[in-house]
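Following: one structure in structure tokens, then a few remarks.
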Amino acid sequence: MSTKTFIKSTLKWIFIPFSLLFCLLIIAYFNLKQELPDIQQLHNVEYQTPLSIYSHDKLLLAQFGEKKRIPINIKEAPQQLINAFLAAEDDRFYSHLGVDYRGLIRATFQLLLTGKKKQGGSTITMQVTRNFLLTREKTYIRKIKEILLSLQIEQEYSKDKILELYLNKIYLGHRSYGVAAAAVTYYDKTLGELNLAQLAMIAGLPKAPSAYNPISDPERALQRRNYVLRRMLKLSYIDQAEFDIAFNSPITATVHSNQLDAPAPYVAEMVRQEIVKQYGEKAFSLGLKVFTTINSTMQATATHAIQSALHNYDRRHGYRSLPHANKISTELETSDFTTIADTQSAHIVEINDDIATASLSDKSLIKIPFDQIKWARALKSQNYMGPKLKSINDVLKVNDLVRVRQLKDSRWSLAQIPNTEAAFVALNSNDGAILALSGGFDFFHNKYNRAIQSKRQPGSGFKPIIYTTALENGFTTASLINDAPVVVDEPSQESAWRPENYSKKFFGMTPLRNALRTSRNLISIRLLRELGIKKVTDTALRFGFKQEQLPKSLSLALGSGYASPLQMATVFSVFANGGFLIEPYFIDRIEDNKGKVLFQATPKIVCPSCENSSIKDIHYASRIISPQVNFLMNSLLRDVVQRGTATKAKVLGRTDLAGKTGTTNEQRDAWFNGFSSGIAASAWLGFDSSKPLGRNETGGKAALPIWIDFMKIALKDKPEQSLVIPEGIEEVYIDPKTGKLAETDGHGIWEYFRNENSPTEYSYLDINAEDLEETDADSLF
């Protein structure tokens, strides 16, 4: 056989199998192509991003969702971040067609030589294909699909788009997906704020987010970061000076979980529950943005006011941590230190005559002066404390693990986690927007939201409902009621009920104005009995109460039903806004992950000028009391602050403050409900178990300070609002002891009346208005 014939024969036998192989590959390709997912879906990628909740002033209140992700546009990625990823993952990204053939050939030879599959040869495009379009299974078929899809993607999308998809999708440890989320998680910074060493650290994570993690394994993470830096230097992305600085930089990463601009956990949980009702569990991955009605400054103020009031209550009643139950002798671990609300653990390491030195969780030392320790007399009961402390050693010993808090003036004080609780709600009285809400001392310590879930007796806070009913039924602010003993025979009780005033005194004939501002229980009972329980109940129903909240007995006069702080704030909004019932709401709008508005609140608003309009709008709040009665109630409630049980509020230096204190039987609940300048707010303090707070813990002492601390900030720069007299009201000079007209001889007072109820007869009795100024601290119930 000639050489020429041999060559032809050989080529023939080579060509035939290769042709068959080629045909098989073509058939396999078209079969696989039918199984390939559509790459067009990458045009409209929906990243799994958490539910984000914001204040009305657009500060982050909370996030819910397993995956932390902040999608970015490729233009927002720093160039050195891109360079770091290219150096670490795919330095030929901008030159190949989606597949790095050299890398594939290298991986193939590795397989042939060792018989083991080794990760490698995957370009950024192939990683995008794997992360978005394919499963994580490791098979040859999936690898072929990956190659085919990568080639298609490169034909359809720009390199920048592919890189953007990659940087937003990759997992980088600690629930962080995408580079922007990783920057926040590890450094609490935006991408633009990271230095070269930090960018290289993040770029080194995709290969093994757990193994090379700077938190769980700093040593390996440092090795990986330095590898990335060396690659960047080799590829001329950085110069030697930049390399040296970054290479010698220490690891600065720490976990910054749940970094919030303005934490409001009770509100956030309310929002979470509402959003889940509407969208189900998928709400946590849709990237929804919920903008609430919360004012971040007011919210922070409310939180601090509650914590301060609870600490002050503790300081009045004593320290519970004696004897030294927390004494330790072994080395403390970080886990032994906790932070609850504004308190944190501290280890007493030294005690001198008037200073205790303590170590915090970060090993920093603080000084606690004796004047911030001496309050810690032993708690014997809610009414009794142990002897006064003579030195720090009377209460603390070296090695005690105690709780401390930092005061406004930066000094440190001994503290404890309060046993009492408190709640606070502030509303925009003109549309019902919740401006601030806190349901307790610390949500993460106790998730029960007392602001909306509690059912507490409102005490004297209910009396304005009775007085409103009285003014609507012929009584005036000058009507006289006898403050004298009352005996109520209750068939269901073994003995008669003999209610008392808080002071246990009786003051005889008393005008309604004096009775409300001094919170006379017996007058409220007599009023209720004269008006009838049904009339008062009907008024309460107009104010938003439910029938089951209102007992059908005379104890209703002393607030023996139940209500939440949110409901009480709603009730007092009526007096604040001119007589309209508003509906509280806390979600202003909901946006999808692209900013499209999915929901916009349309609250019922107060519009006095719209009442006589022929245009009827369902978004107008309904009037429930007349302008005249509302004016009279405002006058009475302002008097409570100026001359009654809430005079502490005069520290705010305003004359437009109005409200009512409330204290229930044996001081089990302390309230203050009040309003000014379009804000209605209710504060409550008590034990969850409803046990007594202790002697003299009235609404004016325990709850009013919360309201004052809040309003001090909320009303800042708000002008005072004068009380405008409406048509149908006249001011008359009267004899306060009779309610009749008086000669203008200096012994009478000026009082407001509805025109139809103005006195027409003169009184000639010589009395002094000051005789009627005795004050009863608050209600019994």
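The table below lists the values:
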{"read-out": "Of all accessible heavy-atom area on the chain, the percent that carbon and sulfur account for (1.4 Å)", "value": "53 percent"}
{"read-out": "Formal net charge of residues neighbouring S210 (Cβ-Cβ distance under 11 Å; K, R +1; D, E -1)", "value": "+1"}
{"read-out": "Virtual spin-label span in nm between Q406 and H747, 7 Å along Cα→Cβ", "value": "6.4 nm"}
{"read-out": "Förster radius 25 Å - calculated FRET efficiency between H619 and R589, Cβ distance, rounded to 0.05", "value": "0.95"}
{"read-out": "Whether segment 443-496 is rounded, prolate or oblate, judged on the alpha carbon gyration tensor where a/c under 1.5 counts as rounded", "value": "oblate"}
{"read-out": "Pairwise FRET efficiency - Q63 versus K159, Cβ, R0 = 35 Å, nearest 0.05", "value": "0.65"}
{"read-out": "Sequence-distant lysines (8 or more away, or on other chains) whose Cα lies within less than 25 Å of K408", "value": "K363, K367, K374, K648, K650, K701, K712, K716, K718"}
{"read-out": "Segment 166-316, relative contact order in percent, only Cα pairs under 8 angstrom and at least six apart counted", "value": "17 percent"}
{"read-out": "Accessible area per residue in Å² at 1.4 Å probe, computed on segment 324-474", "value": "44 Å²"}
{"read-out": "Solvent accessible area, Å² - S158, 1.4 Å probe, full protein context", "value": "70 Å²"}
{"read-out": "Cα gyration tensor shape for the chain, rounded if a/c is under 1.5, else prolate or oblate", "value": "prolate"}
{"read-out": "Cβ-based net charge around T125, under 13 Å, with every Lys or Arg adding one and every Asp or Glu removing one", "value": "-3"}
{"read-out": "Rounded FRET efficiency, nearest 0.05, which uses the C-beta distance separating F337 from K282 and R0 of 56 Å", "value": "0.90"}
{"read-out": "Gained length - L360 relative to Q721, 0.36 nm times residue gap less alpha-carbon distance", "value": "125.2 nm"}
{"read-out": "The chain: relative contact order in percent, alpha carbon pairs under 8 Å with at least 6 residues between", "value": "11 percent"}
{"read-out": "Lysine-lysine proximity count for segment 416-508, Cα under 24 Å, sequence distance 8 or more or distinct chains", "value": "4"}
{"read-out": "Inter-probe distance in nm under a simple model that places probes 7 Å from Cα toward Cβ, at T655 and K546", "value": "4.3 nm"}
{"read-out": "Sparsely packed chymotrypsin sites (Phe, Trp or Tyr not before Pro) within segment 433-529, loop by DSSP, other Cβ within 10 Å at most 11", "value": "F444"}
{"read-out": "Length-normalised contact order of segment 142-236 in % [C-alpha pairs under 8 Å, at least 6 apart]", "value": "17 percent"}
{"read-out": "Accessible surface, segment 658-729, averaged per residue in Å² (probe 1.4 Å)", "value": "35 Å²"}
{"read-out": "Within-11-Å neighbourhood charge of Y562 [Cβ basis; K, R +1; D, E -1]", "value": "+1"}
{"read-out": "Accessible area in the full protein assembly, largest first, 1.4 Å probe, for R272, R403", "value": "R272, R403"}
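The values are calculated or read from the model by the stated rules, or taken from the named source; none is laboratory data. Predicted model, so just to flag it, every value in this text is computed and none were measured. Positions of Cβ are backbone-derived with ideal geometry, glycine not excepted, and every protein chain shown enters the neighbour counts. The area values use the complete protein model at the heavy-atom level, side chains included, leaving out ligands, DNA and RNA. Shrake-Rupley method; radii C 1.70, N 1.55, O 1.52, S 1.80 Å.
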